[in-house]
Amino acid sequence: QLQAFGGGLVHPGDSLRLSCAASGRTFSAYGMAWFRQVGGKEREFVGGFNRGGTNAIYADGVKGRFTISRDNTKSTMYLQMDSLTPEDTAVYYCAASLTIIYSSIANPSAYAYWGQGTLVTVSS
C-alpha cells in the first residue's frame, strides 16, 4: 500500500517536497516512480528508480528542478520540487512495481501499485 502526501498551494518559484510512504517489508525490492496527471490527460512520468536502482531518472521537463530520493529504512520515496511553475500543477502519484524493467519505467501501465495522489497547485 502506498500513501502520497505533501501537496499544496505554492507560488511560482517555490519549492515543495512530496513523500510516498509504503507499507510492507520489501520496499527496497520495488521499482518506484512519480507520475503526475492534469485533468483527463494521461498520467505523465516525472521520474523514478528501477528495481535495485540507486540513481533516479527524470523526464526532460523536470530535469534540474526535481530530485527523487528514497529511504529504504523508512520505506519512503521523496520528490523534491524546486523552481515550480504553473505548468507543474497536477495531481502527483507514486507508483511501485516488483517487475518493472528499465525500458518500461516511464510506462504507467507497468506499475501494479499506486498511491492515492496528492494535489500540487502552483499559482500566483
- [ ] Rounded to whole Å and sorted largest first, list the principal axis extents of the Cα atoms in the chain.
- [x] 41, 27, 25
Open item on the list: For q values of 0.21, 0.22, 0.24, 0.31 Å⁻¹, compute log₁₀ I(q)/I(0) with the Debye formula on a Cα-only model of the range 1-41, without solvent.
Closed with: -0.87, -0.91, -0.99, -1.18
- [ ] Rounded to the nearest Å, what's the spacing between the alpha carbon centres of the range 22-48 and the range 65-114? Just the number, please.
- [x] 4 Å
Task: Cleavage-rule hits (trypsin sites (Lys or Arg not before Pro)) in the range 1-46: DSSP loop, at most 13 neighbouring Cβ within 10 angstrom - done: Arg25, Lys41
Open item on the list: Once neighbouring chains are kept in place and the probe is 1.4 Å, which whole percent of the accessible area of the chain is contributed by carbon and sulfur?
Closed with: 48 percent
TODO: Determine the per residue accessible area of the chain with all protein chains present and a 1.4 angstrom probe, expressed in square angstrom.
DONE: 52 Å²
Task: the range 28-124: GluC sites (Glu not before Pro) in DSSP loop, at most 15 other beta carbons within 10 Å - done: Glu42
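The values are calculated or read from the model by the stated rules, or taken from the named source; none is laboratory data. Just so we're clear, the structure is a prediction, and the values are computed from it rather than from any experiment. Cβ atoms come from the backbone with ideal geometry, glycine included; neighbour counts cover every protein chain shown. Surface areas here come from the heavy atoms of the whole protein model, side chains and all, with no ligands, DNA or RNA. Shrake-Rupley method; radii C 1.70, N 1.55, O 1.52, S 1.80 Å.
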